[in-house]
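One structure is given here, and the rest of the page talks about it.
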Amino acid sequence: QVRLVESGGGLVQAGGSLRLTCDVSGLTFSSYAMAWFRQAPGKEREFVAGIKSDNIHYRTSVKGRFTIDRDSGKNTVDLQMNSLKPEDKAVYYCAAIHDEMGLPLSEQFYDYWGQGTQVTVSS
């Protein structure tokens with residue numbers, strides 16, 4: 001059974017930092033690219049950052065503030081979020097896609113999802 005479990009969300013003031021972690025089990029971690037998506041109230045789920053064997057990609061609005069990383073020994077993928085802004089408030093989701101599929105921006109292509117973790121940024 002594949003499981004993706006996010007943790008690390010919470011409430012932070014604007015300018016602050018949070019580190020999200022996704023614990024992955026039930027799949028061959030090295031064969032999958034991993035991504036973080038987010039969904040704000042009333043908006044569609046959007047790609048935030050993704051990492052595969054030979055590539056890392058960020059959405060423009062988080063470049064220079066967010067860093068995605070994966071630990072193959074622990075089967076985890078982290079999202080370090082610095083200089084948080086109120087517009088970063090959303091539920092953040094971890095997602096997995098087979099590595100050969102690349103890092104599509106659309107959620108429809110991803111195979112597995114976590115339950116999400118809430119990030120709230122106060123102004």
Residue selected from segment 83-100 under the condition without any contact (Cβ under 8 Å) to a residue 60 or more places away in the chain and not aliphatic (A, V, I, L, M), by the criterion nearest to ARG65 (Cα to Cα): ASP88
Residue list for segment 59-90, filter: surrounded by fewer than 18 Cβ atoms within 10 Å (Cβ to Cβ) and assigned to a strand (DSSP E or B): THR67, ASP69, ASP71, GLN80
Which listed residue, of ALA33, ALA96, is in contact with a helix residue (DSSP H, G or I) (Cβ under 8 Å, 6 or more places away or on another chain), in a strand (DSSP E or B) and more than 14 Å from VAL119 (Cα to Cα): ALA33
Those residues of segment 34-55 which are over 14 Å from MET101 (Cα atoms) and aliphatic (A, V, I, L, M), in sequence order: ALA40, VAL48, ALA49
Contacts under 6 angstrom Cβ, first residue in segment 45-70 being without any contact (Cβ under 8 Å) to a residue 60 or more places away in the chain, partner outside any strand (DSSP E or B) and hydroxyl-bearing (Ser, Thr, Tyr), 6 or more apart: ARG65/SER83
Segment 14-30 - residue that is in contact (Cβ under 8 Å) with a residue 60 or more places away in the chain and part of a strand (DSSP E or B) and, of those, nearest to GLU87 (Cα to Cα): LEU18
Long-range neighbours under 6 Å by Cβ, at least six apart or interchain, first residue more than 22 Å from TYR110 (Cα to Cα) within segment 1-13, second outside any strand (DSSP E or B): VAL12/LEU84
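Does ARG38 satisfy the condition of being buried (at least 16 other Cβ atoms within 10 Å of the Cβ), within 18 Å of GLY116 (Cα to Cα), of a type in the set (Lys, Arg) and within 15 Å of the chain's Cα centre (by Cα)?
Values: buried (at least 16 other Cβ atoms within 10 Å of the Cβ): yes; within 18 Å of GLY116 (Cα to Cα): yes; of a type in the set (Lys, Arg): yes; within 15 Å of the chain's Cα centre (by Cα): yes.
Judged against the criteria, ARG38 is a match.
Could you list, in sequence order, the residues of segment 47-58 that are open to solvent by less than 60 Å² (accessible area, probe 1.4 Å) and within 12 Å of the chain's Cα centre (by Cα)?
Going residue by residue through segment 47-58, those that are open to solvent by less than 60 Å² (accessible area, probe 1.4 Å) are 47-52, 58.
Matches in segment 47-58: PHE47, VAL48, ALA49, GLY50, ILE51, TYR58.
The values are calculated or read from the model by the stated rules, or taken from the named source; none is laboratory data. Everything numeric here is computed off the predicted structure, so don't read it as measured data. All Cβ positions, glycine included, derive from the backbone under ideal geometry; neighbour counts span all protein chains shown. All accessible areas refer to the heavy atoms of the entire protein, side chains included, with ligands and DNA or RNA removed. Shrake-Rupley method; radii C 1.70, N 1.55, O 1.52, S 1.80 Å.
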